[in-house]
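First up is the structure itself, then whatever we jot down about it.
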């Protein structure tokens, strides 16, 4: 099962790729209005791609940091996981 953030990143990447393909497919279209729209769309796609890349790098850095903290404090990580599991179990049992 994929994490929601992984699915979101994958979905956003798909949107960027689809938008790039759409821009390529309409490259033969001419006209002042179409050129303005294409220019604006190209800028938006470029910014979205940069933000996706930056978000991916941030996620990787956070994962490395979390991994390091778990290795430094394994018992604390086990305690936190047990506490979260206990709370989730209590909440689910109430329904």
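Observations on the structure shown:
- From its DSSP helices (H runs of at least four residues, each -39,500 (n - 2.57)), the chain gives a residue-normalised ellipticity at 222 nm of -31500 deg cm²/dmol.
- Crossing angle, helix 74-94 versus the chain [Cα axis fit, 0-90 degrees, rounded to tens]: 90 degrees
- Which labelled figure in [x] 13.9, 42; [y] 14.5, 50; [z] 21.8, 65 is Rg and Dmax of the Cα atoms in Å, once derived from the coordinates: [z]
- Tilt relative to the chain, helix 4-25 - C-alpha long axis, 0 to 90 degrees, to 10: 10 degrees
- Most mobile listed residue (41, 25, 63) in the chain, GNM with C-alpha springs under 10 Å: 25
- Inter-centroid distance (Cα atoms) of segment 68-95 relative to segment 13-54, Å: 44 Å
- If the chain linking residue 92 and residue 64 were pulled fully straight, counting 0.36 nm for each residue of separation and taking away their Cα-Cα distance, it would gain 7.0 nm.
- Full extension of the segment from residue 14 to residue 41, taken as 0.36 nm per residue of separation minus the current Cα-Cα distance, would add 8.2 nm.
- For the chain, the longest principal axis of the C-alpha atoms and the axis of helix 32-72 are separated by about 20°.
Read-outs throughout are calculated quantities, based only on the coordinates presented, and are distinct from any laboratory measurement. Keep in mind the model is a prediction, meaning the values are calculated, not measured.
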